[in-house]
Amino acid sequence: MTTPAPQELGLIEALHSTPARRYLSTEPVADEIIRDILDAAVRGPSGGNSQGWAWIVVRDPEIKKQIAGWYREGWERHYGSRRDQILNATDGPMSKRSFLAADHLANHFEEAPVWIVPVLLGAAKSSNPRLGSSIYGAVQQLMLAARAHGLGSTLTTLHIGHEEDVRRVLNLPDNALTMAIVPLGYPSQGRWAQPKRRPLDDVIFFDRYQAP
């Protein structure tokens, strides 16, 4: 069976239409597509072109089941425990729709057919707050490449309360740091819409920051 070619998207169109997709089907994703997506990712920025990263492709159901339990624990601690408060709020940092989508992902995390875990090697003891600059640009390229292949994705970090456990399960060296888990899958709900953002004039400033 021939793997479909990626959709030809204009750069600006792709940048404006790659929202977080948290409703994912269990339909398998071909190895060739994953390789193509990761080939795009590793073209992304890396501080000093050091490329001190590793990209773990997780398909094993047992590995996903174990890590998904830790992910749900993080979700419950930070968000799920405030379910009624968030859903009944008239204004807040998370909309009802966003909460329900994230809650769905948490409860079906291991069902995503593929996870990509971006890892920085030698970073576990770092206290540099800008550490992610050496990999998150590449993660965004991964997500844009996934978009071209019709795959939904979202950058998640709720597993980090069990970082050492995750390192052990993934057989990572002690000095490595997982920077995210990106679940990938064909969307089962929603559409490729422009994410809602605050008006541009509310967040841009010229030369100096102006407090509201």
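The values are calculated or read from the model by the stated rules, or taken from the named source; none is laboratory data. The model shown is predicted, which means the values in this text are computed figures rather than measured ones. Cβ coordinates were reconstructed from backbone atoms using ideal geometry, including for glycine residues, and neighbour counts include every protein chain displayed. To get the accessible areas, we keep the full protein, side chains included, count just its heavy atoms, and leave off ligands, DNA and RNA. Shrake-Rupley method; radii C 1.70, N 1.55, O 1.52, S 1.80 Å.
Points to keep in mind about this one:
- So residue 19, is it assigned to a loop (DSSP other than H, G, I, E, B), under 19 Å from the mean Cα position of the chain (by Cα), within 26 Å of residue 134 (Cα to Cα) and touching a residue at least 40 places away in the same chain (Cβ under 8 Å): yes
- Qualifying positions in segment 28-48 - more than 14 Å from the chain's Cα centre (by Cα) and either under 12 Å from residue 152 (Cα atoms) or among the small types (Gly, Ala, Ser) (or both): 29, 30, 40, 44, 46, 47, 48
- Of residues in segment 58-78 being touching a residue at least 24 places away in the same chain (Cβ under 8 Å) and not in a helix (DSSP H, G or I), the one most open to solvent (accessible area, probe 1.4 Å): 59
- The requirement of being assigned to a loop (DSSP other than H, G, I, E, B) and surrounded by fewer than 15 Cβ atoms within 10 Å (Cβ to Cβ) is not satisfied by residue 81.
- Among the criteria (1) loosely packed, with under 15 Cβ neighbours inside 10 Å; (2) outside any helix (DSSP H, G or I), the one residue 44 does not fulfil is (1).
- Taking the criterion of being buried (at least 19 other Cβ atoms within 10 Å of the Cβ) and not in a helix (DSSP H, G or I), the only residue of segment 90-112 that qualifies is 112.
- None of 191, 197 is closer than 30 Å to residue 28 by Cβ, assigned to a loop (DSSP other than H, G, I, E, B) and open to solvent by 50 Å² or more (accessible area, probe 1.4 Å) except 191.
- Selection count where residues are under 19 Å from residue 3 (Cα atoms), open to solvent by less than 80 Å² (accessible area, probe 1.4 Å), in a loop (DSSP other than H, G, I, E, B) and not polar (S, T, N, Q), scope segment 22-41: 2
- Selected residue (only one of 164, 111 is of a type in the set (Asp, Glu), out of contact with any strand residue (DSSP E or B) (no Cβ under 9 Å at 6 or more places or on another chain) and modelled with pLDDT of 95 or more): 164
- Selection from segment 156-173 of residues that are over 21 Å from residue 104 (Cβ atoms) and in contact with a Ser or Thr (Cβ under 9 Å, 6 or more places away or on another chain): 163, 166, 167, 170, 172
- The lone exception for residue 86 - which of (1) open to solvent by less than 40 Å² (accessible area, probe 1.4 Å); (2) more than 18 Å from the chain's Cα centre (by Cα); (3) within 26 Å of residue 169 (Cα to Cα) it fails: (3)
- Subset of segment 172-188 [closer than 20 Å to residue 36 by Cβ, open to solvent by 20 Å² or more (accessible area, probe 1.4 Å) and either outside any loop (DSSP other than H, G, I, E, B) or charged (D, E, K, R) (or both)]: 187
- Segment 114-159: number of residues that are over 18 Å from residue 102 (Cβ atoms), polar (S, T, N, Q) and open to solvent by 40 Å² or more (accessible area, probe 1.4 Å): 6
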